[in-house]
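Asks: Quick one: the structure is below, questions incoming.
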Amino acid sequence: MSSIIYLDKKNLAFKNLVLSTPGGENILRCFACGACSAACPVREIDERYNPRRIIRMVLLGMKDEVLRSDFVWLCASCYTCTERCPQDVHLTTIMRVLKNIAVSEGIIHPAYQTQVETIRKHGKIYEIEDFDNKKRGRLGLPPLEKQNPDMVRIFELTGLTKREPKD
Amino acid sequence: MNPYALFLGCTIPVRAQNYELATRKIAAVLNIPLLDIDNFTCCGFPIDSVHHKTSLLMAARNLALAEQNNANLCTICTACTGMLTETNLVLRDSATQRDEVNQKLRELGMEYRGTVEVKHFVRLLIEEVGFKALQEKITRPLNALRFAPHYGCHYLKPTAIYSGFDSDENPQTLDQLITLTGAESISYEEKLSCCGGALLAIDEGLALKISKKKLDNLIANRVDAIVLICPFCSIMYESNQRKIESTFQTEYHLPVLYYPQILGLALGIEPKELGFNQNRVRPTAVLEKLGV
């Protein structure tokens, strides 16, 4: 980043939101050693995703720059950073917290939007079609249900209701 | 042994039927009772990135279904293993979280008391059958073959949820399971690297680059196949192998096998019964080396 970050214009409520969300509590422990970035298989290939920088951006209150970024969706969830971190920051979980906050602000990656809708309708990320059950039958595998009514109810109970992405 | 309900998750029933076939066959041969519960849903893992409380409730509902059937849970996808193991621990350790989840489960006429054990099938083989007992049953040793073990991140990590089962930095269990079949389990530079599967729907080009690193390394090591225990890792290395080849102008033709498939061969089971005819990268050379 080449431009100056003006802290007085940044949103420190964002840092506190991350801190107060279950899973985000440990972010203040980070002493910026960079073990996460060194170990990250995504960082190794794609400059956009830099774990140490993401932590710093949250601590500096750079809410929009984090939540509206491409990188917020790029954690591969491999937990290498979580294991290597000397301060038990639990970055994989913090990335989940950041994605959850983005969704609560109406920002969701289209791939996740699709998965939410498929799971709501069919209970799984891939729909089981008649073709699949026929093939399963030929192989001697038991058929699977094509819908699950509990899913709609679960989404209602937790408040994950239909949400149109803002972008 | 308490019965285990086979938890298939989303990917296996439609995209990894060879894995399911081989797992069921091995369980039958080794007298491991596997129960089918037809209204399991997605474990909750993909939803965790969207809405944690929903994923927790989905996982809890699956655990409660197993409990209703007096069964433990046997997973064969590593992401399901991680999601269900972690949720199980959260609900056992925190009365507050358990009460909150149960309040919602009651709306579905369900409850979770926390009595279920979650184990990946491979861990079940190790802990309920044992390396020695498995080795004694080998009738067709795979001596001619060199395999590269691919553990899959969620089989090992986060280590905090797996109570010392295997090391994340120097894992051994899958190597040992391969070795007892008579095959060689090789050590290689990219052994611990992630398949990139979680990013396939998010950024395909990036996910394929992550997978490519391991495939390149395996070709350099001249292995007969990569052996793995997660359907999504297989989607990356097998289903997307052609796409990686065409995108990056390279060639692999590297067979991708599930551990129960190679264990089945070593137990003398016919390849067709283990779903070998459904592998997309034909493992013909592997079978020819064994003369089957």
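The values are calculated or read from the model by the stated rules, or taken from the named source; none is laboratory data. From a predicted model like this one, the values you see are computed outputs, not experimental measurements. In this analysis, Cβ positions are derived from the backbone assuming ideal geometry, glycine residues included, and neighbour counts consider all displayed protein chains. Note: areas computed on protein heavy atoms with side chains; ligands, DNA, RNA excluded. Shrake-Rupley method; radii C 1.70, N 1.55, O 1.52, S 1.80 Å.
Asks: Please report Rg (one decimal) and Dmax (integer) in Å for the Cα set of the protein assembly as shown.
Replies: Radius of gyration, then largest Cα-Cα span, for the protein assembly as shown: 22.0, 73 Å.
Asks: While we're on this one: Provide the convex hull volume over Cα atoms per residue for the range B:4-121, in Å³.
Replies: Value for the range B:4-121: 94 Å³ per residue.
Asks: Please name whichever of B:205, B:219, B:263 sits farthest to the positive end of the charge dipole of the range B:158-292, dipole taken about the Cα centre and charges placed at Cβ: Lys and Arg +1, Asp and Glu -1.
Replies: B:205
Asks: OK, next. Can you pull out the cysteines in chain B that have no other Cys Cβ under 4.7 Å?
Replies: B:10, B:42, B:74 - these cysteines have no disulfide-compatible partner (Cβ-Cβ under 4.7 Å) in chain B.
Asks: Could you work out the mean count of beta carbons from other protein chains within 10 Å of each residue's beta carbon in A:70-77?
Replies: Per residue, the number of nearby Cβ atoms from other chains is 5 on average.
Asks: What do you get for the angle between helix A:91-104 and the principal long axis of chain A? Use alpha-carbon atoms, 0 to 90 degrees, nearest ten.
Replies: 70 degrees
Asks: What pairs in B:243/B:272; B:132/B:289; A:134/B:289 have C-alpha atoms more than 29 Å from each other?
Replies: Where the Cα-Cα span goes over 29 Å, the pairs concerned are A:134/B:289.
Asks: Right, something else. Using a Gaussian network model of chain B with C-alpha springs under 10 Å, which one of B:264, B:152, B:164 is most mobile by mean-square fluctuation?
Replies: Sorting by GNM fluctuation, first place goes to B:164.
Asks: So what is the 222 nm mean residue ellipticity for chain B from helices alone, if each DSSP H run of at least 4 adds -39500 (n - 2.57) and you divide by all residues, rounding to the nearest 500 deg cm²/dmol?
Replies: It lands at -12500 deg cm²/dmol.
Asks: Pick from A:70, A:88, A:132: which residue has the top mean-square fluctuation in a GNM of chain A where Cα pairs under 10 Å get a spring?
Replies: A:132
Asks: Add +1 for every Lys or Arg and -1 for every Asp or Glu among the other residues with Cβ under 12 Å from the Cβ of residue B:79, and state the total. Kindly include the intermediate steps, with their values, before the conclusion.
Replies: Details: positive: B:157; negative: B:48, B:86.
With Lys, Arg at +1 and Asp, Glu at -1, the neighbours total -1.
Asks: So for the range B:4-121, taking the charge dipole from beta-carbon charges (+1 Lys/Arg, -1 Asp/Glu), which of B:60, B:18, B:121 sits furthest toward the positive end?
Replies: B:18
Asks: Cα centroid distance between the range B:109-131 and the range B:167-222, in Å?
Replies: Rounded to whole Å, the Cα centres lie 25 Å apart.
Asks: Give me the distance in nm between label points sitting 7 Å out from Cα along the Cα-to-Cβ direction at residue B:204 and residue B:113, one decimal.
Replies: The answer from the label model is 4.9 nm.
Asks: List the accessible area buried at the contact between B and A, summed over both sides and calculated with a 1.4 Å probe, in Å² to the nearest 100.
Replies: 4800 Å²
Asks: OK, next. In vacuo Debye scattering of chain A, one point per C-alpha: log10 I(q)/I(0) at q = 0.09 Å⁻¹?
Replies: These q points yield log10 I(q)/I(0) values of -0.41.
Asks: For the range B:157-249, calculate the relative contact order in percent as a whole number, restricting contacts to Cα pairs under 8 Å that are 6 or more residues apart. Present the calculation step by step, with values, prior to reporting the outcome.
Replies: Details: 57 pairs, mean separation 20.2, N = 93.
Answer for the range B:157-249 is 22 percent.
Asks: Let me ask something else. Any chance you could tell me what percent of the C-alpha pair distances in chain B go past 29 Å?
Replies: 33 percent
Asks: Right, something else. Evaluate peptide B:100-112: per residue, the Cβ atoms of other protein chains within 10 Å of its Cβ; return the mean as an integer.
Replies: 2
Asks: What shape does the range B:130-290 take by its C-alpha gyration tensor, where a ≥ b ≥ c are the square roots of the eigenvalues and a/c under 1.5 counts as rounded, a/b above b/c as prolate, and the rest as oblate?
Replies: oblate
Asks: For the residue pair residue A:113 and residue B:287, what label-to-label distance in nm results when each label sits 7 Å from Cα along the Cα-to-beta-carbon direction?
Replies: 4.5 nm
Asks: Return a whole-number percent for the relative contact order of chain A, with Cα pairs under 8 Å and 6 or more residues apart as the contact set. It would help to have the intermediate numbers written out before the result.
Replies: Details: 176 pairs, mean separation 33.0, N = 167.
Relative CO of chain A lands at 20 percent.
Asks: With a Förster radius of 30 Å, plug the Cβ-Cβ distance of residue A:28 and residue B:133 into 1/(1 + (r/R0)^6) and report the FRET value to the nearest 0.05.
Replies: The pair residue A:28/residue B:133 has a calculated efficiency of 0.05.
Asks: Considering only protein heavy atoms and a probe of 1.4 Å, how much of the accessible area of the range A:1-160 is carbon and sulfur, as a whole percent? List each step's numbers first, then the result.
Replies: Working: 3940 of 7580 Å².
Result for the range A:1-160: 52 percent of the exposed heavy-atom area is carbon or sulfur.
Asks: Which of B:248, B:121, B:131 ends up with the largest GNM mean-square fluctuation for chain B, with Cα atoms connected below 10 Å?
Replies: B:248
Asks: Hey, can you find the accessible area per residue of the range A:1-98 for me, probe 1.4 Å, expressed in square angstrom?
Replies: Ligands and nucleic acids excluded, the result is 48 Å² per residue.
Asks: By the scheme Lys and Arg +1, Asp and Glu -1, what is the net charge of all other residues having a beta-carbon under 15 Å from that of residue B:13?
Replies: That works out to 0.
Asks: How large is ³J(HN,Hα) for each residue in the range B:163-178, as worked out from phi by the Karplus curve 6.51 cos²θ - 1.76 cosθ + 1.60 (θ = phi - 60°), to whole Hz, x for Gly and Pro?
Replies: 5, x, 4, 8, 8, 6, 8, 9, x, 10, 4, 5, 4, 5, 5, 5
Asks: Restricting to DSSP H runs of at least four residues, report the calculated mean residue ellipticity at 222 nm for chain A, -39500 (n - 2.57) per run over all residues, nearest 500 deg cm²/dmol.
Replies: Mean residue ellipticity at 222 nm (helix-derived): -13000 deg cm²/dmol.
Asks: Per residue of A:118-124, what is the mean number of Cβ atoms on other protein chains within 10 angstrom of that residue's Cβ?
Replies: 5
Asks: So how long is each side of the range B:1-48 along the principal axes, counting just the alpha-carbon atoms, biggest first, in Å?
Replies: Dimensions of the range B:1-48 along the principal axes of its Cα atoms: 35, 24, 16 Å.
Asks: Which three lengths, in whole Å and largest first, does the range B:152-244 cover when its Cα atoms are put on their principal axes?
Replies: Sorted from largest, the Cα extents of the range B:152-244 read 34, 33, 21 Å.
Asks: For helix B:95-107, report the angle its Cα long axis makes with the longest principal axis of the Cα atoms of chain B; keep it between 0 and 90° and round to the nearest 10°.
Replies: 80 degrees
Asks: A further question on this structure: For the range A:110-158, what are the per-bin percents of Cα-Cα distances with bins 5 Å wide, up to the bin holding the maximum?
Replies: Over the range A:110-158, the share of Cα pairs per 5 Å bin runs 5, 21, 22, 20, 14, 10, 6, 1 percent.
Asks: Okay, moving on. So how many Å³ per residue does the convex hull of the Cα atoms of the range A:9-104 work out to?
Replies: 87 Å³
Asks: Mean separation of Cα pairs under 8 Å and 6+ residues apart, divided by the residue count of the range B:130-290: what relative contact order is that in percent? Let's see the in-between values first.
Replies: Details: 227 pairs, mean separation 43.3, N = 161.
With pairs under 8 Å counted, the relative contact order is 27 percent.
Asks: If you don't mind, another one. Can you tell me the orientation of helix B:17-29 relative to chain B, as the angle in degrees between its alpha-carbon axis and the longest Cα principal axis, to the nearest 10?
Replies: Between the helix axis and the principal axis of chain B, the angle is about 80 degrees.
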